[in-house]
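The block underneath contains the structure these notes are about, expressed in structure tokens.
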Amino acid sequence: MAATNHAVTAELVALGLERREARWLVEEFYLGGEPSARADLLAAASRRLSGEPLQYIIGHWPFRSLDLDVDARVLIPRPETEELVDVALGELDRDVVTPLILDLGCGSGAIGLALVSELRQRGVVATLVAVDESADALTVAKANARKHQVLTASFVQSSWFSTVDASLRGNVDLIVSNPPYVGGDDFELLDPVLRYEPLGALVAPDRHGHTGFDDIATILEQGLEWLRPGGVLVMEHGDQQRDAIVAHAATQGWQNVRDLDDLSGHPRIFVGRRS
Ligand code: GLN
């Protein structure tokens, strides 16, 4: 007879898993309790015990109203990035009925796809251009678009704006981005679980003496010309980068600049407009 879910959960806890995570794996791999699922469950448990993030083992993770496919090709979506979606929804001009949204460094597609699907619930049909340097990330983002029936998205392999279609220049209503912003030295000190994620999605070179600032600086320098007048950039950043970002934004001509804390009280989200 198949072991009960309860007994199997206890077995995983005895192997060293946290109870909550053990339950999660049982739910994912052993829900029907078929004896044949046992091997899959134990394989998943052993991946977790060797340090791999739960999200990659399960293979999907919630982000706002979406259940996104995630694996080691993309960053695991984070709660502070869900806040960025809220901010972006609040910033989007309500008079624009068919907004054009550019998601720079889209990874799994989390930000852009959440925006399109939440706007759709409000009756707004947004067009998304999802950009990533990584072809692997774009494969995951496309699968997530299909999964959530986002039909108004296109996917562009590009390092920031470098190969984005020139016809978009000056026409974008909203640029959203969660660029890499962790400095190389800082990365060494962070939780080793981050080593399972794509390094290029996390770590950026330093610039102007600011740690992990290179990609953020590029977006601030090039973003304005892609926005339509009145268009807005909403960008995530590291908790030590606020002063550098606000100062750099001023030198580039960004208007109505605000910089918001996340729910843990850390500086996190830059908002700036083209006048
Ligand atoms: N917030 C992420 C972390 O600290 C970093 C994400 C990023 O670099 N964009 O793990």
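Values in this text are rule-based calculations from the coordinates and carry no lab data. Just so it is clear, the model here is predicted, and its values are computed rather than measured. Every residue, glycine among them, receives a Cβ derived from its backbone with ideal geometry; neighbour counts consider all protein chains shown.
Observations on the structure shown:
- Choice from A114, A201, A166 showing the highest fluctuation, given a GNM over the chain with Cα pairs closer than 10 Å: A166
- Percent of beta bridges antiparallel (DSSP, segment 15-153, rounded to nearest 5): 40
- Over all other residues within a Cβ to Cβ distance under 13 Å of G231, the charged ones net out to -1, with Lys and Arg as +1 and Asp and Glu as -1.
- A Cβ-based charge dipole, computed about the Cα centre of the chain with Lys and Arg at +1 and Asp and Glu at -1, lands at about 700 debye.
- Approximate spin-label separation D86-D136, in nm, with each point projected 7 Å along Cα-to-Cβ: 3.3
- Whether segment 127-179 is rounded, prolate or oblate, judged on the alpha carbon gyration tensor where a/c under 1.5 counts as rounded: oblate
- Charge dipole (debye, nearest 20) of segment 1-128; +1 at Cβ of Lys and Arg, -1 at Cβ of Asp and Glu: 280
- GNM flexibility winner over the chain from E236, E197, E225 (Cα, springs under 10 Å): E225
- Beta bridge orientation in the chain: antiparallel %, DSSP, nearest 5: 45
- Considering the chain at the alpha-carbon level, its Rg and Dmax are found to be 20.3, 70 Å.
- Among L49, L202, L104: highest mean-square fluctuation, GNM of the chain, C-alpha pairs under 10 Å: L49
- Simple rule: put +1 on each Lys or Arg Cβ and -1 on each Asp or Glu Cβ in the chain, find the dipole, and look at S65, A110, H6; the Cα lying farthest toward the positive end is S65.
- For segment 89-234, averaging the sequence separation of C-alpha pairs within contact (under 8 Å, six or more residues apart) and dividing by the residue count gives a relative contact order of 25 percent.
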